[in-house]
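The values are calculated or read from the model by the stated rules, or taken from the named source; none is laboratory data. Note that the structure is predicted; figures quoted are calculated from it, not measured. Don't worry about glycine lacking a Cβ; one is built from the backbone with ideal geometry, like all the others, and counts go over all protein chains shown. Just the protein is used for accessible areas: all its heavy atoms, side chains included, with ligands, DNA and RNA removed. Shrake-Rupley method; radii C 1.70, N 1.55, O 1.52, S 1.80 Å.
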Amino acid sequence: MNTFSDLVASPVLRKNLAGHKFVTPTPIQAQAIPPATLGQNVVATAQTGTGKTLAFALPILEALSSKPPTTGPQALVLSPTRELAMQIHEVFLSMSKGTGIRSAV
């Protein structure tokens, strides 16, 4: 996978990625996104700042954006600290813009 266009099908998510100047996935993203998008379990480790949050957020948003809108929680992300939860929330907010998907901390 050389670009996010190879990894993400949703036009809105592609637009949001382009708006944040994300073109080429990091190694962790290139390895984790394809199996996660297929619904497979992924366990991965990487250094801070390598794009792990986006690596799990994009498959979640891709799956939710392809479903009809429903009420109630559809995904749960657990975080060990409030600060990390807020950082994850920011990624979900910026990447879900225009999809109608909402997130909360």
Can you tell me which residue within region 91-105, out of those that are out of contact with any Ser or Thr (no Cβ under 9 Å at 6 or more places or on another chain) and part of a helix (DSSP H, G or I), is surrounded by the most Cβ atoms within 10 Å (Cβ to Cβ)?
-> 95
Per the filter on region 85-101, residues modelled with pLDDT under 95 and over 13 Å from the mean Cα position of the chain (by Cα) are 98, 100
Inside region 16-70, the number of residues satisfying the requirement of being of a type in the set (A, V, I, L, M, F, W, C) and either touching a Cys at 6+ places or on another chain (Cβ under 6 Å) or over 20 Å from residue 98 (Cα atoms) (or both) is 10
Test result for residue 57, modelled with pLDDT of 95 or more and of a type in the set (Gly, Ala, Ser) | yes
Search region 79-105 for residues that are at positive phi and pair each with any residue that is modelled with pLDDT of 95 or more and of a type in the set (Gly, Ala, Ser) when their beta-carbon atoms are under 6 Å apart and the residues are at least 6 apart or on different chains.
-> none
Can you pull out the residues in region 23-54 that are in a loop (DSSP other than H, G, I, E, B), β-branched (Val, Ile, Thr) and open to solvent by less than 50 Å² (accessible area, probe 1.4 Å)?
-> 26, 50
Determine whether region 55-66 contains at least one residue that is surrounded by fewer than 19 Cβ atoms within 10 Å (Cβ to Cβ), assigned to a loop (DSSP other than H, G, I, E, B) and without any contact (Cβ under 8 Å) to a residue 24 or more places away in the chain.
-> no
Does region 1-24 hold any residues that are free of Cβ contacts under 8 Å to residues at least 60 places away in the same chain and hydrophobic (A, V, I, L, M, F, W, C), and which are they?
-> 1, 4, 7, 8, 9, 18, 22, 23
Inside region 1-22, can you point out the residues that are at pLDDT 90 or above and either assigned to a loop (DSSP other than H, G, I, E, B) or in contact with a His (Cβ under 6 Å, 6 or more places away or on another chain) (or both)?
-> 20, 21, 22
